[in-house]
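Worksheet: the structure to be examined is printed underneath.
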Amino acid sequence: MADTATGRTTATHATRILGIVTLAGVAWLILFGLILSPADKNQGESVRILYLHAPSAWLAYLAFIVTAIASALYLFPKQHSLGWDRLAGASAEIGVLFMGMTLVVGMLWGRLTWGVFWRWDARLTTTAFLLVTYIGYLAVRRLGGTPEQRAKRSAVLALLAVLEIPLVHFSVELWRGLHQDASVLRPNGDVELDGLMLFTLLSGIVTFTLMYAWLVIHRTRTLTAEDMLDDVGLELALEERRRESIPHTIEEKGALLS
Amino acid sequence: MKAWWGTTRLIAKRELLVEWRSRIALNQVFPFAGIVMVMFGFAIDDTRLMERIAPGLIVLATMFALLILVQRSFAVESEDGALDALRTAGVSSSALFWGKSIAMAVQLAALEALLVVLAIFLYGSTIRPSGVVLLIATWLAASWGLATVGTLYGGLAAGARGRETLLPLLLLPVVAPVLIGATRAVEAALGARGSVADGWPWMGLVAVFAVVFCAGGTLAFGPLIDE
């Protein structure tokens with residue numbers, strides 16, 4: 001996000017370090033996930049998808065939780081701070097990206113393990129609803145109006161999502177009486193994670209958490225810059241209008257006088 | 001409290017009066033829901049299957065109609081800035097929410113009754129005598145639940161550009177529990193699947209949904225429409 005004219009960026013010393021650590025983490029994850037960790041005895045090589053799938057699901061959930069908390073922090077205090085709103089928006093964008101990735105990667109894994117891309121179980125279905133809900137949230141953020149209008153609308157919506165998601169999950173679970181009790185760590189009940197696999201998975205989660213922090217800081221800063229640009233743009237437009245109404249040249253002044 | 005209820009009733013009456021004078025729901029939305037039921041028939045083209053899935057189709061057709069009714073309800077408000085005028089006049093946002101929800105629920109209830117009758121004629125559905133109470137309970141809970149959630153999200157999208165396309169995206173994922181719950185309950189009541197007793201927990205799910213979104217809407221409607 002470098003501004004070439006002034007050399008200003010959204011990066012600071014701290015985020016540069018965070019970025020480097022994140023990239024190192026990704027390299028580390030590739031090394032352990034693809035090379036050092038063993039194949040699963042039931043799932044074979046496809047278990048490696050887990051090292052991408054579980055951390056990105058974790059990141060998405062983390063992002064949505066941050067969105068909800070930041071929305072509450074915008075809405076409830078007497079002094080509404082737009083900073084919280086931008087954090088909520090930035091976090092939701094990253095959440096949608098990684099939730100989409102979780103679903104795509106999960107479907108690929110499902111095709112390899114179950115033989116089908118999709119199963120109508122509660123967790124999968126709720127995840128899909130979660131994705132659509134936050135796509136809607138991002139659409140609401142783009143409705144226009146002042147930043148305060150946007151912030152209030154989207155904060156209420158984010159908190160409504162907190163109401164909605166447990167209800168959806170609960171009802172889909174009721175609907176699928178045969179819901180399998182699978183945790184993130186045991187996707188099919190038959191993956192036995194040995195030490196190295198567990199370590200790889202944990203490295204993935206740590207790396208993705210760092211990645212989230214890195215992305216969300218930059219995105220919040222660019223959103224701040226966008227809002228500032230809107231303000232500046234408005235002022236410039238007003239200034240231009242004002243100038244239009246003032247006659248500049250002698251001819252113009254003469255035309256007005258005659 | 002008495003004044004609040006008076007305002008709420010006034011708002012509901014006003015909504016229904018607007019509808020009665022324009023007859024948009026009666027002349028356009030109800031026939032739309034009816035044609036959706038006919039189209040489902042064309043698409044499925046299997047009498048036995050139709051009877052089995054009729055409850056789901058009834059609820060689905062109701063939801064499509066809900067989207068149009070909500071849009072209509074708020075288009076009327078924002079055309080002349082009526083919503084702002086009402087707020088400026090000191091009408092509390094919760095009374096506004098309840099009034100609009102009650103009017104919406106009345107329209108939805110009428111629509112659902114019509115769709116059940118259509119299902120009996122078109123899909124060969126039958127109502128078991130033992131399922132009548134369940135059917136009525138689900139009918140009331142689903143109408144209220146859909147009306148409150150519709151009013152809430154309608155308020156969110158009101159006055160915004162592109163609300164026509166935004167509302168379905170926001171609303172349909174939220175009403176999924178009603179689709180699941182009401183479908184199962186109506187299936188039990190009509191005898192399409194399972195016993196009547198199986199249907200009551202599903203009715204409960206719809207009722208919980210209605211209570212949750214009624215409470216959520218009462219609190220959140222104010223901040224949403226005050227801009």
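None of the figures in this text is laboratory data; all of them are computed from the coordinates on show. Computed from a predicted model, the values in this text were never measured in an experiment. Note that each Cβ is placed from the backbone with ideal geometry, even for glycine, and that neighbours are counted across all protein chains shown.
The table below lists the values:
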{"read-out": "Interatomic Cα distance distribution for chain A, bins of 5 angstrom, percent", "value": "1, 6, 10, 13, 14, 13, 12, 9, 7, 4, 3, 2, 2, 1, 1, 1, 1, 0, 0, 0"}
{"read-out": "J(HN,Hα) series, the range B:89-102, from Karplus relation 6.51 cos²θ - 1.76 cosθ + 1.60, nearest Hz, glycine and proline x", "value": "6, x, 6, 5, 5, 6, 5, 4, 4, 5, x, 5, 5, 4"}
{"read-out": "Fewest-first sequence of A:Phe208, B:Phe213, A:Phe76, B:Phe42 by Cβ atoms within 10 Å of each Cβ", "value": "B:Phe42, A:Phe76, A:Phe208, B:Phe213"}
{"read-out": "Pairs of Cα atoms farther than 23 Å apart, the range B:86-212, %", "value": "38 percent"}
{"read-out": "Contour minus Cα-Cα distance for B:Leu49 and B:Ser92 (0.36 nm per residue)", "value": "10.7 nm"}
{"read-out": "Sorted by Cβ density within 10 Å, fewest first, the residues A:His169, A:His13", "value": "A:His13, A:His169"}
{"read-out": "Cα-based shape type of the range B:149-224, given that a ≥ b ≥ c are square roots of the gyration tensor eigenvalues and the cut on a/c is 1.5", "value": "oblate"}
{"read-out": "Neighbour-limited loop hits for trypsin sites (Lys or Arg not before Pro), the range A:1-109 (at most 12 other Cβ within 10 Å; DSSP other than H, G, I, E, B)", "value": "A:Arg8, A:Lys41, A:Lys78"}
{"read-out": "Principal axis box of the range A:32-179, alpha-carbon based, largest edge first, Å", "value": "57, 38, 23"}
{"read-out": "Rounded if a/c under 1.5, otherwise prolate or oblate - the range B:2-225, Cα gyration tensor axes", "value": "prolate"}
{"read-out": "Given A:Lys152/B:Lys100; B:Lys2/B:Lys100; A:Lys78/B:Lys100, the pairs whose alpha carbons are separated by over 24 Å", "value": "A:Lys78/B:Lys100"}
{"read-out": "Rounded, prolate or oblate (a/c below 1.5 giving rounded, otherwise prolate when a/b exceeds b/c) for the range A:96-154 by Cα gyration tensor", "value": "prolate"}
{"read-out": "C-alpha center-to-center spacing [the range A:73-124, the range A:212-228] in angstrom", "value": "18 Å"}
{"read-out": "Ellipsoid equivalent to the protein assembly as shown - semi-axes via the Cα gyration tensor, in Å", "value": "42, 39, 18"}
{"read-out": "For the range B:184-223, radius of gyration divided by Kirkwood radius, i.e. Rg to Rh on alpha-carbons", "value": "1.26"}
{"read-out": "Calculated FRET value between B:Ala110 and A:Met228, using beta carbons and R₀ = 41 Å, to 0.05", "value": "0.20"}
{"read-out": "Rounded to 10°, Cα long-axis angle of helix B:132-157 versus longest principal axis of chain B", "value": "40 degrees"}
{"read-out": "Taking A:Met101, B:Met37 and counting other C-beta atoms within 10 Å, the order from fewest to most", "value": "A:Met101, B:Met37"}
{"read-out": "Using θ = phi - 60° and Karplus 6.51 cos²θ - 1.76 cosθ + 1.60, couplings along the range B:69-81 (whole Hz; Gly, Pro as x)", "value": "4, 5, 4, 4, 4, 8, 5, 4, 5, 7, 4, 10, x"}
{"read-out": "Added length on full extension, which subtracts the Cα-Cα distance from 0.36 nm per residue, A:Val206 to A:Ala14", "value": "67.3 nm"}
